[in-house]
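Each remark here refers to the structure printed beneath this line.
The values are calculated or read from the model by the stated rules, or taken from the named source; none is laboratory data. As the structure is a computational prediction, the values presented were derived from the model and not from experiment. No Cβ is skipped: glycine too gets one built from the backbone with ideal geometry, and neighbour counts run over all protein chains shown. What goes into the accessible areas is simple: the full protein's heavy atoms, side chains included, and nothing from ligands, DNA or RNA. Shrake-Rupley method; radii C 1.70, N 1.55, O 1.52, S 1.80 Å.
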Amino acid sequence: MRRVLGNRKMVCSFLSQAPLSLAYHKSFTSNYKIKPSPPLNHFSPGFLAPISTPAIRVFCSNPGEVESMASSVLNQGSISYLTQREAAEVDEILMGPLGFSVDQLMELAGLSVATSIAEVYKPNEYTRVLAICGPGNNGGDGLVAARHLYHFGYKPFVCYPKRTQKPLYSGLVTQLESLSIPFLSVDELPVDLSKDFDIIVDAMFGFSFHGAPRPPFDDLIQKLVNLHNYEQVQQKSPVIVSVDIPSGWHVEEGDGGGEGIKPDMLVSLTAPKLCAKKFSGPHHFLGGRFVPPPIAEKYNLCLPQYSGTSMCVRIGKPPQLDISALRENYISPEFLEEQVEADPLDQFHKWFDDAVTAGLKEPNAMALSTTGEDGKPSSRMVLLKGVDKGGFVWYTNYESQKARELSENPHAALLFYWDGLNRQVRVEGSVQKVSDEESEQYFHSRPRGSQIGAIVSKQSTVVPGRHVLHQQYKELEEKYSEEGLIPKPKHWGGYRLQPNRFEFWQGQPSRLHDRLEYSPEEIDGRRIWKIVRLAP
């Protein structure tokens, strides 16, 4: 959203109608008591304090603070939309009293665009990306996005016909050139863009642009419009991703004539503009994770909260998909018999270490499947807590469903799935309890809260409500507050699965997956593991 300072010539007339003076900045600073940042080991009650949100996960200020924004908040999802004037004011505030620089905001915006694209269009299927960049800050966002897309595994190309000779933009061009990202002139672009590109990033004009696009951007916009004509003759067309505003649209009224660009994805920045209400494509994302509470309060913004470390968040419901059409074409190194370890436990350790090194979340999570005497299987996720020559160890309540089933049928199956590596491991075998000493030692290695939780939870039994668990936990927490050792309950301990079969699976293109099975064999009185390849 940083188009105001970057496109001074295009917006000077607009800003003259909406002056934002130093007095305004002082008024804003005074009203919201903006102070120097506190030491890093303290949270400010203003900008940096964590914001608790309800399950609906939207960030809303108190209602009614800005009357003009009341009509911009949709009941559906309670998402706020900015007018052109409000969008310009927000930029002025961000780059004025709030201390952001245009290059900071451009970097965040471009990263948001790239992560939004990667969220939907995977680089193994949508490889070739053309970023068409305009002369202002919207174009700068496109240049930044192209750089990040390169590092995400895409093959970007850039069309930047009206270069801005400012150090910021020259630096962005230099960064792309250092990555050998090709720059294409307008004349070098094919007449039919669908033949050479899978994704087209529309980063020509942002919210501060008004009037009719001039050459060569009028022809470039028409090229994107024509892509829908190719779709009508059943020719594959690249997807269009528009940055903040579909180029050529009116910022507030949208595509009035219905003859403009129809993007497949819109990445709104800071907050959606009014024209986004007219967007009918399948993917609408919000990016630019930098809105501080004072701006949200002043403009009564209600925005979805970003999850975890994500730089983008989907607005509205995801498109309805045909589940049968969901598929992933796995790209992995070959997994060959001559490369594997002779002992499956050694091979498991090797793959497990790879999962840990890759930073995968809970690489020790495994699906445990059991079957009681009734023959009905049941599965649940548990955590591996030990593996050695004796087998795979986990801990649980001995009065749970899984424990009852294991007492009736002491055989089980484990499944490890490491999505980031396209790998899974299946382990089958017999199960027995670990020794009391081993369970005792592990129980007291757990955090005290987990120890108390194990006592409170009569796993798999019916409880009247969550409040009962909290009350019992609180009582035990007080009971053991001064005691050094919390006694392990008799009904809690570990199990060990002794494996008699392993299968290592690695995803491959065209569903020709690698599956190597280990099974024990007796040869000359010696137990070895036989390795065979299974059809995928």
- What distance in nm separates the simple spin-label points at Lys166 and Tyr473, each placed 7 Å from Cα in the Cβ direction? 5.2
- Task: Calculate, for Asp196 and Leu321, the FRET efficiency according to 1/(1 + (r/R0)^6) with r their C-beta to C-beta distance and R0 25 Å; round to the nearest 0.05.
- Result: 0.35
- Query: For the range 452-536, what % of the accessible area comes from carbon and sulfur atoms, probe 1.4 Å?
  - Reply: 52
- Using r as the Cβ-Cβ distance of Asn500 and Thr461, and R0 as 25 Å, what FRET efficiency do you calculate, to the nearest 0.05? 0.15
- Query: In what sequence, highest mean first, do 311-320, 499-508 appear when ranked by Cβ atoms within 10 angstrom?
  - Reply: 499-508, 311-320
- Task: State in Å² the accessible area per residue of the range 84-320; use a 1.4 Å probe, count heavy atoms of protein chains only, and round to the nearest integer.
- Result: 39
- Report the FRET efficiency, 1/(1 + (r/R0)^6), for Leu485 and Thr174, where r is their Cβ-Cβ distance and R0 is 56 Å, rounded to 0.05. 0.30
- hull vol. (C-alpha, convex hull) per residue for the range 344-533, Å³ -> 165
- Message: Please report the antiparallel percentage of the DSSP beta bridges confined to the range 84-320, to the nearest 5.
- Response: 15
- Just order 379-388, 266-275, 199-208, 86-95 by mean Cβ neighbour count inside 10 Å, highest at the front, would you? 199-208, 266-275, 86-95, 379-388
- What does the convex hull of the Cα atoms come to per residue for the range 437-499, in Å³? 107
- Item | Rg to Rh, two decimals, where the range 84-320 supplies the alpha carbon set and Rh follows Kirkwood | 0.94
- Straight-line reach from Lys389: which lysines have Cα under 28 Å away, leaving out those fewer than 8 places along the same chain? Lys350, Lys361, Lys402, Lys433, Lys488, Lys490, Lys530
- Could you look at the range 84-320 and say what percent of its accessible area is carbon and sulfur, using a 1.4 Å probe and all protein chains? 49
- Can you tell me which of 487-495, 144-152 comes out highest on packing, and rank the rest after it, using the mean Cβ neighbours within 10 Å? 144-152, 487-495
- For the range 388-536, with every protein chain kept in place, what is the accessible area per residue (1.4 Å probe, Å²)? 57
